[in-house]
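Notes for the one structure printed next.
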Amino acid sequence: MNYALISVWDKSNIEELCKEIVNRGYNLLATTSTAKYLKEKGFNVKETSELTGFSELIGGRVKTLHPKIFAGILARRDNLQDMENLRKENIPLIDIVVCNLYPFAKVISKEEVTLEEALENIDIGGVSLLRAAAKNFPYVLVVPSPEFYDEVIQYLKEGKEDMGFRRKMAIKTFFITSNYDSLICNYLGGEENIILNLTKKLELRYGENPQQKAGFYVINNTEIPFVKYQGKELSYNNLLDVDSAWDLIREFSEPTVAIIKHNNPCGVASDTEPIKAFVKAFEGDPISAYGGIVACNFEINEDIAREITNHFFEVIIAPSYTEEALKVFSLKKNLRVIKPREDISENPFEIRSLKRGFLVQSFNKLLFESYEIKTSKEPTKEDMEELIFALKVVKHVKSNAIVVSKNKQTLGIGAGQMNRVNSVKIALEQAGEKAQHAYLASDAFFPFPDSVELAAKYGIKAIIQPGGSIRDKEVIETAEKHGIILVMIPTRHFRH
């Protein structure tokens with residue numbers, strides 16, 4: 001008499017699987033709460049305590065940790081000694097193990113979770129059952145999650161002895177249990193040890209260049225963090241730019257559009273009217289915008305979609321789209337149209353790979369905590385709003401970074417230069433005459449007053465920059481001399 005052992009925390013869709021298991025001639029063996037649930041659904045179930053002779057102990061912490069259960073799972077069916085041991089001890093074979101674990105990840109994601117609550121949601125017996133069944137996959141089918149039920153039902157219906165399928169399920173199982181252990185280790189261990197389990201979700205044609213292999217992976221086997229409506233497959237470079245674009249656009253509450261190219265914004269604008277925000281963002285640098293990524297923090301309607309499709313872009317990302325907008329986009333079959341999934345957790349930290357080793361840091365979520373006006377000329381409320389707009393953009397520009405803007409529209413962006421004054425030159429030259437009475441933001445301090453001198457020549461009205469240079473006094477004096485408002489913050493925004 002062979003058994004299928006069922007012990008599940010998440011009981012969704014378990015009935016359909018159990019029906020097929022029973023149809024294949026197996027008897028059901030289950031832990032107390034699972035047995036109760038299945039009996040209520042009309043199944044004939046034997047409780048594990050009936051097999052072991054022990055009821056659940058110490059508040060349910062010990063249920064299945066018993067030789068009669070693990071011997072039934074781990075016995076090698078072609079080993080005469082194993083089978084003789086089972087016969088002597090009157091232990092039945094367990095050929096199928098269906099088990100999922102306490103929701104540790106969900107519990108620790110709660111803000112107010114206590115250590116006691118977290119510890120109580122560390123599964124012991126379930127992990128042991130899964131590992132035992134996976135180890136003995138040549139003879140035992142292990143089912144570690146409801147996401148595999150449909151595949152398993154089909155496998156059972158076909159009635160084939162498929163070692164490859166059982167091996168696949170064993171691999172899935174070991175991934176789940178190792179990921180479970182890594183979550184516990186990361187939760188208890190803090191920053192000393194970081195364990196990552198990554199699952200490939202997209203096979204990419206290549207990386208940054210055709211000679212580089214690439215894939216898109218997610219942590220903890222979560223789902224793909226966006227919904228794709230149409231268009232070609234997303235590339236490595238697309239995904240880099242999309243991530244940067246969405247990170248930037250989330251800085252703003254009013255309708256804002258950002259156009260990203262090569263991981264830098266080339267045009268960003270805010271406006272009370274969403275369509276005007278797009279037009280302003282595009283006009284910020286229409287040459288660089290060609291083939292870029294468009295990010296909007298508002299729903300895209302038909303009018304905005306038509307305006308967007310007047311130009312060539314690679315990807316559109318927005319929180320939602322009207323039906324009419326999607327119809328407009330569908331006329332551009334290669335255009336990728338996606339929306340982010342905010343129900344999927346962000347990664348806990350930022351990791352960069354070196355040839356040997358890794359760099360790990362928290363994400364830069366702070367704009368600034370305080371500011372000081374350093375000149376006698378003080379900014380109005382409108383001036384501060386304009387400066388903060390520029391600062392939000394410069395935070396997402398590669399260092400050395402300078403942004404020149406006015407009327408909440410970027411006019412010039414200097415990015416990735418080896419010295420700051422060159423970034424200032426690029427941004428101001430791009431802005432041209434529009435720089436008159438405009439605003440300038442820097443991601444780090446000015447090491448010399450030459451950048452302020454240059455800003456004055458173009459008629460910049462106000463500057464916001466982090467302080468901390470040994471020449472801050474000279475920079476302040478230069479701003480004062482030219483009648484430029486100077487605001488300093490303590491927060492630097494390098495982005496390499």
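The values are calculated or read from the model by the stated rules, or taken from the named source; none is laboratory data. These numbers were taken from a predicted model, which means no experiment stands behind them. Counting neighbours? That spans all protein chains shown, and the Cβs are built from the backbone with ideal geometry, glycine included.
See the values below:
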read-out	value
Flag for H493 being surrounded by 19 or more Cβ atoms within 10 Å (Cβ to Cβ) and either within 23 Å of V268 (Cβ to Cβ) or not assigned by TED's automatic domain parsing to the domain that holds T272 (or both)	yes
Selection status of V242, crowded, with 19+ Cβ neighbours inside 10 Å, over 22 Å from I351 (Cβ atoms) and touching a residue at least 60 places away in the same chain (Cβ under 8 Å)	no
Looking only at segment 200-226, and only at residues there that are aromatic (F, W, Y) and in contact (Cβ under 8 Å) with a residue 24 or more places away in the chain, the one that is surrounded by the fewest Cβ atoms within 10 Å (Cβ to Cβ)	Y206
Top-ranked residue of segment 86-119 - restricted to ones that are exposed (fewer than 14 other Cβ atoms within 10 Å of the Cβ) and assigned to a helix (DSSP H, G or I), ranked as farthest from the chain's Cα centre (by Cα)	K88
Wholly enclosed helices (runs of 4 or more DSSP H) of segment 405-496 bearing at least 3 residues in contact with a His (Cβ under 8 Å, 6 or more places away or on another chain)	450-457
Filtered residues of segment 43-85 (kept if over 16 Å from G126 (Cβ atoms), free of Cβ contacts under 8 Å to residues at least 24 places away in the same chain and small (G, A, S))	S49, G53, S55, A71
Any hit, segment 421-441, residues being in contact (Cβ under 8 Å) with a residue 24 or more places away in the chain and within 19 Å of E369 (Cβ to Cβ)	yes
Close pairs from segment 8-37: first on the phi > 0 side of the Ramachandran plot and in contact (Cβ under 8 Å) with a residue 60 or more places away in the chain, partner surrounded by 14 or more Cβ atoms within 10 Å (Cβ to Cβ) and among the hydroxyl-bearing types (S, T, Y), Cβ under 8 Å, at least 6 apart	N13/Y149
Those residues of segment 120-139 which are in a helix (DSSP H, G or I), under 22 Å from D10 (Cβ atoms) and either in contact (Cβ under 8 Å) with a residue 24 or more places away in the chain or over 32 Å from the mean Cα position of the chain (by Cα) (or both), in sequence order	G125, G126, V127, S128, L129, L130, R131, A132, A133, A134
Residue match in segment 363-371 (condition: hydroxyl-bearing (S, T, Y), closer than 14 Å to K461 by Cα and more than 23 Å from the chain's Cα centre (by Cα))	no
Given (1) aromatic (F, W, Y); (2) touching a residue at least 60 places away in the same chain (Cβ under 8 Å); (3) not in a loop (DSSP other than H, G, I, E, B), number of the condition F282 does not satisfy	(2)
Residue in segment 410-419 that is over 31 Å from the mean Cα position of the chain (by Cα), buried (at least 20 other Cβ atoms within 10 Å of the Cβ) and either farther than 18 Å from Q465 by Cβ or hydrophobic (A, V, I, L, M, F, W, C) (or both) present	yes
Tally of residues being buried (at least 22 other Cβ atoms within 10 Å of the Cβ) and under 26 Å from the mean Cα position of the chain (by Cα) across segment 294-312	5
Close pairs (6 angstrom Cβ cut-off, 6 or more residues apart or separate chains): under 15 Å from K392 (Cβ atoms) in segment 479-496, charged (D, E, K, R) anywhere	H493/K395; H493/D443; R495/K398
Residue within segment 140-161 that is under 17 Å from L101 (Cβ atoms), in contact with a Pro (Cβ under 8 Å, 6 or more places away or on another chain), assigned to a helix (DSSP H, G or I) and hydrophobic (A, V, I, L, M, F, W, C) present	no
Which listed residue is on the phi < 0 side of the Ramachandran plot and either touching a residue at least 40 places away in the same chain (Cβ under 8 Å) or not in a helix (DSSP H, G or I) (or both), from A305, A295, A277	A295
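For every residue, the table says whether it meets (1) β-branched (V, I, T); (2) in a helix (DSSP H, G or I).
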residue: I176; (1), (2): yes, yes
residue: C185; (1), (2): no, yes
residue: L188; (1), (2): no, yes
residue: I195; (1), (2): yes, no
residue: T199; (1), (2): yes, no
residue: E203; (1), (2): no, no
residue: V227; (1), (2): yes, no
residue: S244; (1), (2): no, yes
